[in-house]
Amino acid sequence: EAAVTQSPRSKVAVTGGKVTLSCHQTNNHDYMYWYRQDTGHGLRLIHYSYVADSTEKGDIPDGYKASRPSQENFSLILELASLSQTAVYFCASSERDSNQAPLFGEGTRLSVL
Amino acid sequence: GDSVIQMQGQVTLSENDFLFINCTYSTTGYPTLFWYVQYSGEGPQLLLQVTTANNKGSSRGFEATYDKGTTSFHLQKTSVQEIDSAVYYCAMRDYGNEKITFGAGTKLTIKP
């Protein structure tokens, strides 16, 4: 069964600390995405990747890095976490075909204190 | 650039009411359009999608028609139930584009 798994499911981090959110997909999808969810803003794209060892900036990349070491894995890295990065983060994967809908993980709730 | 507009941030209805959630999009290309539903504590999941202009998508009693003339993809349901309470997102993916653009979401609350 197609799946996107995120870890951890929730995390509390301190301001200025480093945070890594992980995503693993078993769908053999080429594309992977990181979205941020905030009330009133919906889902906004942070970074995405269409092939291993390559990442692209989305619409709100500032303060975030991404890493795609393999087709299955895609990480989001906050080198210096800030209060404004408190949000729910979703990973998604998709086939190359632009008619295909992305499949989302369950989300990671990040609180930066 | 590409954009998706959902003006209704919150909608509150009673059971058996008619649902209409407005969605308009802006792009120079030929997008596939989606509606996603997100239940509390879960990730968004695909509700329906339409690839071709003037076609209608439907699922679980929800319908949306891809209207290229008015660049709209409004979501409708004749008779909502309490289990339909969720956040609904309109989204689009342009042809040949890796990026998927989402609207701001509409929180639907159904009173029993």
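The values are calculated or read from the model by the stated rules, or taken from the named source; none is laboratory data. All values derive from a computational prediction rather than experimental measurement. Positions of Cβ are generated from backbone atoms using ideal geometry, with glycine treated the same way; all protein chains shown enter the neighbour counts. For accessibility, only protein heavy atoms count, side chains too; no ligands or nucleic acids. Shrake-Rupley method; radii C 1.70, N 1.55, O 1.52, S 1.80 Å.
Mean sequence separation of contacting Cα pairs (under 8 Å, at least six apart), scaled by the length of chain B, corresponds to a relative contact order of 37 percent. For chain B, the fraction of 1.4 Å probe accessible surface lying on carbon and sulfur atoms is 47 percent.
Charged neighbours of A:R96, selected by a Cβ distance under 12 Å, balance to -3 (K, R count +1; D, E count -1).
Under the simplified labelling scheme, the A:S82-B:S59 pair shows an inter-label distance of 3.6 nm, with each label point 7 Å from Cα along Cα→Cβ.
Compute the signed sum of charges (Lys and Arg +1, Asp and Glu -1) over the other residues within less than 14 Å, Cβ to Cβ, of A:V51.
Numbers: positive: A:R68, A:R96; negative: A:D30, A:D53, A:E56, A:E72, A:E95, B:E98.
Local charge sum for A:V51: -4.
Remark: chain B carries 47 Å² of accessible area per residue (probe radius 1.4 Å; ligands, DNA and RNA excluded). For the chain pair B and A, the interface hides roughly 1800 square angstrom of accessible area in total, found with a 1.4 Å probe. Extension gain, A:T20 to A:I60, is 12.7 nm, computed as 0.36 nm per intervening residue step minus the present C-alpha separation.
Under Stokes-Einstein, with the Kirkwood radius over Cα pairs as Rh, the value for the protein assembly as shown at 4 °C and 1.567 mPa s is 72 µm²/s. Extents of region A:1-95, largest first, come to 35, 27, 24 Å (Cα atoms, principal axes, whole angstrom).
Taking a probe of 1.4 Å, how large is the accessible area per residue of chain A, in Å²? It would help to have the intermediate numbers written out before the result.
Working: 5270 Å² over 113 residues.
Each residue of chain A exposes 47 Å² on average to a 1.4 Å probe.
According to the calculation over all Cα-Cα pairs in chain B, the P(r) per 10 Å bin from zero is 15, 50, 29, 6, 0 %. Please check which bits of region B:1-24 a label hung off B:S40 would reach, taking the label as a point 7 Å along Cα-to-C-beta and the cut-off as backbone N under 20 Å. What the label zone holds, given the 20 Å backbone N cut-off, is B:9-16. Nonpolar atom fraction for chain A, defined as the carbon and sulfur part of the 1.4 Å probe accessible area, stands at 48 percent.
Reported to the nearest whole Å, the Cα centre-to-centre distance from region B:65-100 to region A:64-103 is 23. Each residue of region B:54-70 was assigned a 3J(HN,Hα) from its phi angle through the Karplus expression (A = 6.51, B = -1.76, C = 1.60, θ = phi - 60°), giving 6, 8, 10, x, 8, 6, 6, x, 8, 9, 8, 10, 7, 9, 5, x, 9 Hz with x at Gly and Pro.
The 3J(HN,Hα) values that the Karplus relation (6.51, -1.76, 1.60; θ = phi - 60°) gives for region B:97-112 are, in residue order, 10, 6, 7, 10, 9, 10, x, 6, x, 10, 8, 9, 10, 10, 8, x Hz. Gly and Pro appear as x.
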